[in-house]
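Please read the structure below before turning to the comments.
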Amino acid sequence: MSTVNTADRLYALLPAIHRIRDAEQGYPLRELLAVIAEQVAAMEENLAQLYDDQFIETCAPWVAPYIGDLIGYRSLHGVAPNVASPRADVANTIRYRRRKGTASMLEQLARDVTGWPARAVEFFQLLGWTQNMNHIRLQAHYAPDLRDWAALHWRGSAFDTLAHTVDVRHIDTGAARHHIPNIGLTLWRVRAFPLTRSPAVEDPDIGGGLRFRFNPLGTDMALYNTPETETEITHLAEPRNVPLPLTRRWLKAHRDDYYGVGKSLWLELDGSPPQLIAGHQIHVCDLSDIQDGGGNVIAWAHQPVAGSGVVAIDPVLGRIAFADLPASAPLVSFHYGFTIAIGGGEYERGDPAVPVSPVQAVQGGAALQPALDAVQDGGTVEARDSYRYIETPTITVNAGRTVVVRAINGARPLLVADGEIELDLGAEATLILEGWVIQGGTLVMPDAGDAQPRYLVLRDCTLAPGPRTQGDGSPPQADDPGLVVHHAFARIELERCITAPVHIAGDAEATLRECVLDATAQDLIACRAPGADTLMPGGEWTLESCTVIGKVHTRQITLASDCLFVAALAEGDSWKAPLWVERRQQGCIRFSYIPPGSRTPHRYRCQPEEGDQLIRPHFTSLRYGDPGYCQLQQATSDRIRRGAHDESEMGVLHGLYQPQRETNLHVRMEEYLRFGLEAGLIYGS
């Protein structure tokens with residue numbers, strides 16, 4: 001209640017005779033009561049807060065730890081959103097304890113504590129044994145029904161319903177599961193990211209206007225389902241509640257659950273508005289390659305019959321085959337799997353670049369060059385959809401100006417270039433690229449011939465690793481650079497990017513944060529100076545939480561922290577070291593993995609330690625586009641998985657704090673497991 005309302009309320013309590021006399025004397029009594037009302041309002045507010053402080057939902061932040069202490073709450077690493085503040089976790093504690101030991105409660109606990117989708121399995125329910133006639137379990141069949149394809153489809157997964165023989169080893173070893181005391185908690189670390197209304201890419205060899213791919217980069221890609229949120233704590237997760245790659249047979253049997261606008265995937269024909277392809281036209285089948293005797297692809301399997309109106313899709317390969325030529329360009333909306341929100345994507349970016357006026361909007365794959373030409377004196381070019389922009393533009397920024405070329409939140413545009421994309425920056429000019437995926441072309445900043453700095457910033461961008469079209473006509477190579485900087489006084493900054501190799505001049509400075517620098521193989525070159533001479537060092541580098549795949553030759557590393565350098569020399573290699581730094585008296589590398597034989601500046605708490613050359617990172621995949629790209633396997637030593645400065649893992653996934661999430665779950669499991677039971681963590685992805 002405001003002070004004014006309190007003063008009026010107190011004044012109204014006075015007898016009428018005093019109010020009349022007060023009015024005759026100029027309201028001195030009202031002014032006195034206004035001063036008193038301030039103290040009354042403060043006391044009322046304090047009393048209301050004291051009442052609110054009795055409940056965790058409404059208490060002041062300083063009270064939450066005291067309420068937690070009353071119920072025996074143990075604090076956790078605040079890395080998952082649900083436990084970043086103890087308020088929600090303390091509030092859920094009573095709810096958890098009322099359901100202590102049940103599978104649904106353990107599943108909810110795992111989901112809340114780690115922030116990952118989870119599924120709890122009581123393995124003793126899946127044991128095959130002789131049943132007691134007084135307690136017959138009709139659903140427990142010792143021998144599987146070989147005609148029940150759905151049960152066989154999920155065998156060995158978290159949704160397995162088949163009976164198994166007993167395995168008496170402890171579940172915490174990671175090898176055993178089916179035993180009487182075992183509870184399995186399956187966690188999915190790979191997330192399903194959307195891509196909406198992106199033009200399907202026709203197969204360049206045998207497309208014929210009928211064969212397309214979902215992936216805008218034109219390669220095969222597994223499609224994922226979008227997880228449905230569970231609304232009840234008593235509900236155990238089902239396949240539709242967790243991010244899983246879609247399989248042919250399962251999608252065919254549950255097409256209407258996954259296909260349609262707002263669901264996991266749908267197809268449209270371009271137009272105003274786009275025309276949805278009906279679900280009854282969609283046939284799910286295997287569209288694998290058919291090869292001739294020489295290994296050349298001549299067709300796709302199960303091509304629909306012409307005139308049938310059928311549209312075949314293969315969720316495993318991410319392919320589409322039309323029976324008849326579509327009336328307009330097909331647009332695809334689907335989900336793909338990845339571990340972290342970096343590179344180009346439709347995820348919400350936390351700190352997008354502030355647009356500079358004027359703003360030139362582009363959409364629908366329209367030409368970029370006119371919009372870029374209009375903002376040379378400063379401005380913003382803003383892509384508002386996830387279309388393909390097939391063009392090789394030149395980006396010019398006049399001296400002292402700032403140009404932003406960005407995608408809006410919720411968009412993932414793709415620039416398909418056929419050559420070098422020249423970045424013509426004037427003195428003291430700044431160019432910011434944000435949210436773009438660039439394929440086929442190389443960003444090139446030429447030498448301006450002066451000593452004035454140029455500033456280039458890339459945020460949430462992908463310079464797709466792999467062969468590129470070369471300006472000099474040379475054949476494409478697997479480690480072709482995505483960015484080449486010839487200007488010696490350039491300042492380069494990359495944040496949350498995935499990029500092909502970077503070649504920068506020896507005096508230029510580059511800063512990378514939460515990036516992947518990928519040469520596609522450990523013995524190829526990820527960083528060096530521009531030009532034909534592969535032995536020239538490239539620039540001064542600062543790296544934080546990065547994964548570098550390939551050899552590095554740089555003039556100086558000012559700081560490298562929480563990084564993974566995954567490099568090796570090929571047989572007969574002319575390089576002196578896989579990580580080769582010229583100035584070893586300056587700079588520092590800390591809490592990072594450095595390949596054996598490297599020449600680096602001072603190291604602090606790096607791996608492997610001297611005399612221990614067996615420790616190295618093991619990855620789920622190092623191929624860009626795979627769901628487990630740059631994800632460390634559980635087989636990797638804890639010196640790497642927990643070797644960062646804050647005991648998280650080294651590399652680009654450092655910010656996920658996966659080891660801390662595991663620790664949080666182990667701490668909570670001790671409180672809520674029934675006596676005699678053991679819990680084990682199983683990663684479904």
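The values are calculated or read from the model by the stated rules, or taken from the named source; none is laboratory data. Note that the structure is a prediction, hence the values are computed from the model and not measured. In this analysis, Cβ positions are derived from the backbone assuming ideal geometry, glycine residues included, and neighbour counts consider all displayed protein chains. Quick note on the areas: whole protein, heavy atoms, side chains included, nothing else; ligands and nucleic acids left out. Shrake-Rupley method; radii C 1.70, N 1.55, O 1.52, S 1.80 Å.
From the protein chains alone at 1.4 Å, what is the descending order of accessible area for Met445, Met133, largest first?
Heavy-atom accessible area, descending, gives Met133, Met445.
How high is the FRET efficiency from Gln54 to Ile180, r the C-beta distance, R0 41 Å, rounded to 0.05?
Values: r = 44 Å, r/R0 = 1.06.
Once rounded, the FRET efficiency stands at 0.40.
Remind me, what semi-axes does the chain give for its equivalent ellipsoid, largest first in whole Å, using sqrt of 5 times each Cα gyration tensor eigenvalue? All intermediate terms of the calculation are to be shown ahead of the outcome.
On the way: eigenvalues 426, 319, 193 Å².
Working through the eigenvalues yields semi-axes of 46, 40, 31 Å.
Run the 1.4 Å probe and let me know the accessible area of Ser157, rounded to the nearest 10 Å².
Using a 1.4 Å probe on the heavy atoms, I get roughly 40 Å².
Put +1 on the Cβ of each Lys and Arg and -1 on the Cβ of each Asp and Glu in the chain; which of Leu185, Ser685, Leu535 then has its Cα farthest toward the positive end of the dipole?
Leu185
Which order do you get for Arg668, Arg169, Arg98, Arg406 if you rank them by accessible area with a 1.4 Å probe, largest at the top?
Most to least solvent-accessible, the answer reads Arg98, Arg169, Arg406, Arg668.
Once the whole set of protein chains is in place, how much accessible area is left on Lys252, using a 1.4 Å probe, in Å² to the nearest 10?
Surface open to solvent at Lys252 totals about 140 Å².
Only four residue types carry charge here, +1 at the Cβ of Lys and Arg and -1 at the Cβ of Asp and Glu. Report the dipole size of the chain about the Cα centre in Debye, rounded to the nearest 20.
1720
FRET efficiency for Asp447 and Val356, Cβ-Cβ distance as r, R0 = 30 Å, nearest 0.05?
Efficiency, rounded to the nearest 0.05: 0.70.
Above 23 Å lies some portion of the pair distances; for region 364-448, what is it as a whole percent of all C-alpha pairs?
Counting every Cα pair in region 364-448, those more than 23 Å apart make up 15 percent.
Would you please classify the overall shape of region 407-454 from the alpha carbon gyration tensor, given that a ≥ b ≥ c denote the square roots of the eigenvalues, rounded means a/c under 1.5, and beyond that prolate means a/b larger than b/c while oblate covers the rest?
Verdict is oblate for region 407-454.
Hey, what number do you get for the chain at 222 nm if only DSSP H runs of n ≥ 4 count, each worth -39500 (n - 2.57), divided across all residues, to the nearest 500? Let's see the in-between values first.
Working: 12 runs with 115 residues, N = 685.
Computed ellipticity for the chain at 222 nm equals -5000 deg cm²/dmol.
Taking all protein chains together and a probe of 1.4 Å, list Tyr672, Tyr604, Tyr51 from the most accessible to the least accessible.
Tyr51, Tyr604, Tyr672
Please work out how much accessible surface Thr620 shows to a 1.4 Å probe, ignoring ligands, DNA and RNA, in Å² rounded to 10.
Approximately 70 Å² of Thr620 is accessible to the 1.4 Å probe.
With a cap of 13 neighbouring Cβ atoms within 10 Å, and only residues DSSP puts in a loop, list the GluC sites (Glu not before Pro) found in region 609-685.
Glu609, Glu610
Got a sec? Charge dipole of the chain, +1 on Cβ for Lys and Arg, -1 for Asp and Glu; which of Asn132, Gln108, Asn664 is way out at the positive end?
The listed residue farthest towards the positive side: Asn132.
What percent do you get for the relative contact order of the chain when only Cα pairs under 8 Å and 6+ apart count?
It rounds to 9 percent for the chain.
Computed over the Cα atoms, what is the radius of gyration of region 104-155 divided by 2.2 N^0.38 Å, N being its residue count?
Cα Rg divided by the expected 2.2 N^0.38 Å: 1.53.
Assuming 0.36 nm per residue, please report the length gained on full extension of the stretch Ala12 to Gln586 beyond their Cα-Cα distance.
My answer for the length gained is 198.9 nm.
Of all the accessible heavy-atom surface of the chain, with the other protein chains kept in place and a 1.4 Å probe, what percent is carbon and sulfur?
Carbon and sulfur together cover 52 percent of it.
Answer with one residue from Trp575, Thr396, Ala301: the one whose Cα lies farthest towards the positive end of the charge dipole of the chain, charges on Cβ with Lys, Arg +1 and Asp, Glu -1.
After comparing all options, I get Ala301.
Below 11 angstrom from the Cβ of Ala64, what's the summed charge of the other residues (Lys, Arg +1; Asp, Glu -1)?
Local charge sum for Ala64: -3.
Give me Rg over Rh for region 127-183, both radii from the alpha carbons and Rh done the Kirkwood way, two decimal places.
My calculation puts Rg/Rh at 0.99.
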